[in-house]
Amino acid sequence: MRVLQRVVLPVDRDLDVLKLYVEARGGRGEAAAVGTAAREVRVAGRRSAVVAPGGRASFCTYFNAFPASYWRRWSVVDRIRLRLCLSGDAIVVVYRSTGKGFVQRVTQLEVDADTAADREVELPLDPFIDGGWYWFDIAAGDREVVLERADWCADIDRPQGSTSIGITTFNRPEYCVGQLRAMGGASDVLEAVDEIFVIDQGTKRVEDQPDFAAAAEALGGRLRLIDQGNIGGSGGFSRAMTETLDAGRSDYVLLLDDDVVVEPEGILRAVAFADLARTPTIVGGHMMDIFHRSVLHVFGESIARYRWWMTPAPHTFLGHDLAAHPLRETPWLHRRVDVDYNAWWMCLIPVDVIRKIGLSLPFFIKWDDIEYGVRAREAGFPTVSLPGAAVWHVPWHSKDDTLDWQAYFTERNRLITALMYSPYSRGGNMLKESLFIATKHALAMQYSTAELMLTAVEDVLRGPDGLHPSMTTKMAELRALRADFPDARAEPDLDEFPQVKRRRPPKRGREPVPPEGRKALVRTALSSAVRQLRPVDSFSREHPEATVPHVDQTWWLLSRFDSALVSSADGTKAAWYQRDPKRFRSLVRRNAALHARLMREWPELSRRYRAAIPELTSPDSWRETFDAARREGP
């Protein structure tokens, strides 16, 4: 009997995430209030819960319902078995849902036992072709009920595989050690782990943290620190892939970001799913919001192929609060969601896939995980984002990665992957969109971002030969490039800047309003472009004209000012944007010329980049890059 998924409770009994694991229900099956819930259901351990007399607990939750439709579609399993061990006076009701989100009662068990009793229910996977989950509720009678453990199993004879874990870190040692401690505290999970590689590319060292020694000891000799220069996420994760291949012990390598909080049980679930998949399959985890821990930030991702841009998978939504709108009440969560890729905050890759399609492209960061999923799919290896496997991670709205130095890698790597895989002639609408985005940054006085984007286009036009060599040099070049731009120089306190003043108030007191409709948008863009060419009011060089919160930093608003203080996405700093007509003219001319050239040369560039994939992703090419990134030291 192979365990597919164990029922678990929160590691630290965190009330913010309790509803992701178990939900107290009232006598009519309705969600109980917070105070009532605490009295009705008590977490007794990692795998056990106590239901008070007259109370009811439901395991129709993200981490404990069984995602039957995913197993139905992608695995060799056709029947499952729910195994329970519980004591007390209990009624256990098993439910299922359809792909439309409708709930159906399946069966009922009764238990009346003073000591722990085992019960089993066999359940088919036939009706889950479009979606649906299994789960169970426990209703206590006159005595409390103790759930000792529960498992979703399959009667299948296939051994458990093992995985190595690769964590790439850059100056986040506290997060990284916290992650190691979480895995060290899950000794049963570690039975499926051969080795944990921490690729430390920073200057704040993981081993210098006070808790590191204890965390390493708890991992039982599985931890190996690898020190190398900063060659980004793709460099760190490719190193973990290479080390896993060289060791020859593991069936999989599990890639994890350094700044995540992992639910350790998800490691076992990903391994079990990959073990029983019909074909070698990449198994990814979902992203929860690390700041609002009951929020499911990303459920699945796809590529909008005509735009060639990442997007939520069809019928999914970003930022869904499972505490306010749980699984039972959210129909779209019951559809099976198929994805194009899974980001590398948590992603398990079979070693067989790595041997056949190679390592990551040398992208440093951005689009490396997307490209890998697309490349794997073209080779016949699907990606599944598996419900119940997840990490907590910083959400997109708390990052500035489309404005800072990362804008270079976003633009360059997006263009390269489109050249390699876009099904549309010359990338569909992507080049026009790229042209417009760079123009909007120029209109918004975000000149450093526009410059980074144009530098990216220039590098794409040079072809694939420079990708590996640039891994060790490009960051220094980008830092030097940005240093010349006021919008790239940020301060942590608004008092570091001169007082906000305007020589003249807005005409007739009218503040800028967003353009409504396509015609108004075009008029605003044209008038803003004309305004950029006018001389700058010298007073705006002495005082910023406005303070613009990050949430309001649209191009149509910023283009109305000669200067403004603009805050960052995380609220820790601000920069003084200053209009520069000379820079604007130069950027606009280069933007048009570079995109026109890219349009002309697209077919030949596409051929060159596609032909270069085997060499770019080969372990031998990567070993040369690892050697170039080697650092001297202990």
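The values are calculated or read from the model by the stated rules, or taken from the named source; none is laboratory data. Values in this document were obtained by computation on a predicted structure and should not be read as measured data. For neighbour counting, all protein chains shown are included, and Cβ atoms are generated from backbone atoms with ideal geometry for every residue, glycine included.
Please specify each residue of the stretch 459-472 satisfying the condition of being of a type outside the set (S, T, N, Q) and touching a helix residue (DSSP H, G or I) at 6+ places or on another chain (Cβ under 9 Å). Please lay out each step first, then the result.
Of all residues in the stretch 459-472, those of a type outside the set (S, T, N, Q) come to 459-469, 471.
Passing the criteria: ASP459, VAL460, LEU461, GLY463, PRO464, ASP465, GLY466, LEU467, HIS468, PRO469, MET471.
Scanning the stretch 473-483 for residues being in contact with a helix residue (DSSP H, G or I) (Cβ under 7 Å, 6 or more places away or on another chain) and of a type in the set (A, V, I, L, M, F, W, C) gives a total of 2.
Restricting attention to the stretch 331-354, report how many residues are part of a loop (DSSP other than H, G, I, E, B) and buried (at least 17 other Cβ atoms within 10 Å of the Cβ).
We begin by selecting, within the stretch 331-354, every residue part of a loop (DSSP other than H, G, I, E, B); these are 336-340, 342-345.
Adding the requirement that they be buried (at least 17 other Cβ atoms within 10 Å of the Cβ) leaves 336-337, 339-340, 342-345.
Adding up the residues that qualify gives 8.
Remark: pairs (first residue in the stretch 215-232, buried (at least 19 other Cβ atoms within 10 Å of the Cβ); second residue of a type in the set (Val, Ile, Thr); Cβ separation under 6 Å; 6+ apart in sequence or on different chains) = ALA215/VAL177; LEU223/ILE196; GLY232/ILE365.
Note on the stretch 538-549: among residues that are touching a strand residue (DSSP E or B) at 6+ places or on another chain (Cβ under 7 Å) and in a loop (DSSP other than H, G, I, E, B), the one that is surrounded by the fewest Cβ atoms within 10 Å (Cβ to Cβ) is PRO549.
Name the residue that is surrounded by the most Cβ atoms within 10 Å (Cβ to Cβ), counting only residues in the stretch 484-537 that are under 30 Å from ILE365 (Cβ atoms) and in contact with a helix residue (DSSP H, G or I) (Cβ under 9 Å, 6 or more places away or on another chain). So the residue we want is ASP487. Counting residues in the stretch 402-409 that are surrounded by fewer than 24 Cβ atoms within 10 Å (Cβ to Cβ), modelled with pLDDT of 95 or more and more than 14 Å from the chain's Cα centre (by Cα) gives zero.
How many residues are in a strand (DSSP E or B) and out of contact with any His (no Cβ under 6 Å at 6 or more places or on another chain) if we restrict to the stretch 553-594?
Initial filter on the stretch 553-594 (in a strand (DSSP E or B)): 563-567, 574-578.
Still in the list and also out of contact with any His (no Cβ under 6 Å at 6 or more places or on another chain): 563-566, 574-578.
Of the residues in the stretch 553-594, 9 are in a strand (DSSP E or B) and out of contact with any His (no Cβ under 6 Å at 6 or more places or on another chain).
Here are some residues: LEU255, LEU276, LEU296. Which one is more than 30 Å from ASP627 (Cα to Cα) and surrounded by 24 or more Cβ atoms within 10 Å (Cβ to Cβ)? Talk me through it step by step, then tell me what you get.
Details: LEU255 fails: more than 30 Å from ASP627 (Cα to Cα); LEU276 fails: surrounded by 24 or more Cβ atoms within 10 Å (Cβ to Cβ).
The unique qualifying residue is LEU296.
PRO124 satisfies every condition listed in (1) in contact with a Pro (Cβ under 9 Å, 6 or more places away or on another chain); (2) at pLDDT 95 or above; (3) surrounded by fewer than 20 Cβ atoms within 10 Å (Cβ to Cβ) except (1).
Pairs linking a residue in the stretch 547-560 that is farther than 21 Å from GLU491 by Cβ to a residue that is polar (S, T, N, Q), with Cβ atoms under 6 Å and 6 or more positions apart or on different chains, are TRP556/THR524; SER559/SER528.
The listed residues are ASP142, ASP118, and the only one of them that is assigned by TED's automatic domain parsing to the domain that holds LEU82, assigned to a strand (DSSP E or B) and not hydroxyl-bearing (Ser, Thr, Tyr) turns out to be ASP118.
Looking only at residues in the stretch 216-260 that are of a type in the set (Val, Ile, Thr) and closer than 16 Å to VAL206 by Cβ, the one that is modelled with the lowest pLDDT is VAL260.
Evaluate the stretch 460-470: report whether one residue or more is surrounded by fewer than 14 Cβ atoms within 10 Å (Cβ to Cβ), farther than 19 Å from LEU415 by Cβ and basic (Lys, Arg). Looking for residues that are surrounded by fewer than 14 Cβ atoms within 10 Å (Cβ to Cβ), farther than 19 Å from LEU415 by Cβ and basic (Lys, Arg), one finds none in the stretch 460-470, hence no. For PHE63, are the conditions met, namely being in contact (Cβ under 8 Å) with a residue 24 or more places away in the chain, assigned to a strand (DSSP E or B), touching a Leu at 6+ places or on another chain (Cβ under 7 Å) and surrounded by 18 or more Cβ atoms within 10 Å (Cβ to Cβ)? No. Looking at ASP155, ASP188, ASP194, which one is surrounded by fewer than 23 Cβ atoms within 10 Å (Cβ to Cβ) and touching a strand residue (DSSP E or B) at 6+ places or on another chain (Cβ under 6 Å)? Answer to the check: ASP194. Give me the pairs, please: first residue somewhere in the stretch 363-392 and not assigned by TED's automatic domain parsing to the domain that holds ASP465 and buried (at least 24 other Cβ atoms within 10 Å of the Cβ), second residue anywhere and modelled with pLDDT under 95 and in a strand (DSSP E or B), beta-carbon distance under 6 Å, and either six or more positions apart or on two chains. Close Cβ pairs satisfying both conditions: none exist.
If only one of TYR134, TYR95 is crowded, with 17+ Cβ neighbours inside 10 Å and in contact with an Asp or Glu (Cβ under 8 Å, 6 or more places away or on another chain), which one is it?
Working: TYR134 fails: in contact with an Asp or Glu (Cβ under 8 Å, 6 or more places away or on another chain).
After ruling out the rest, the residue left standing is TYR95.
Applying the condition of being in contact with a helix residue (DSSP H, G or I) (Cβ under 9 Å, 6 or more places away or on another chain) and outside any helix (DSSP H, G or I) to the stretch 410-427 and asking which residue is surrounded by the most Cβ atoms within 10 Å (Cβ to Cβ) yields SER422.
Does the stretch 487-508 include one or more residues that are touching a strand residue (DSSP E or B) at 6+ places or on another chain (Cβ under 9 Å), assigned to a helix (DSSP H, G or I) and of a type in the set (Phe, Trp, Tyr)? Please lay out each step first, then the result.
Of the stretch 487-508, the ones touching a strand residue (DSSP E or B) at 6+ places or on another chain (Cβ under 9 Å) are 487-494, 496-498, 500.
Going one step further and asking which of them are assigned to a helix (DSSP H, G or I), we end up with 487-488, 494, 496.
Next, from what is left, pick out any that are of a type in the set (Phe, Trp, Tyr): none.
No, there is no match, as no residue in the stretch 487-508 is touching a strand residue (DSSP E or B) at 6+ places or on another chain (Cβ under 9 Å), assigned to a helix (DSSP H, G or I) and of a type in the set (Phe, Trp, Tyr).
All of SER250, SER238, SER294 fail the test of being under 23 Å from ALA389 (Cβ atoms), of a type outside the set (A, V, I, L, M) and in contact with a Phe, Trp or Tyr (Cβ under 7 Å, 6 or more places away or on another chain), apart from SER238.
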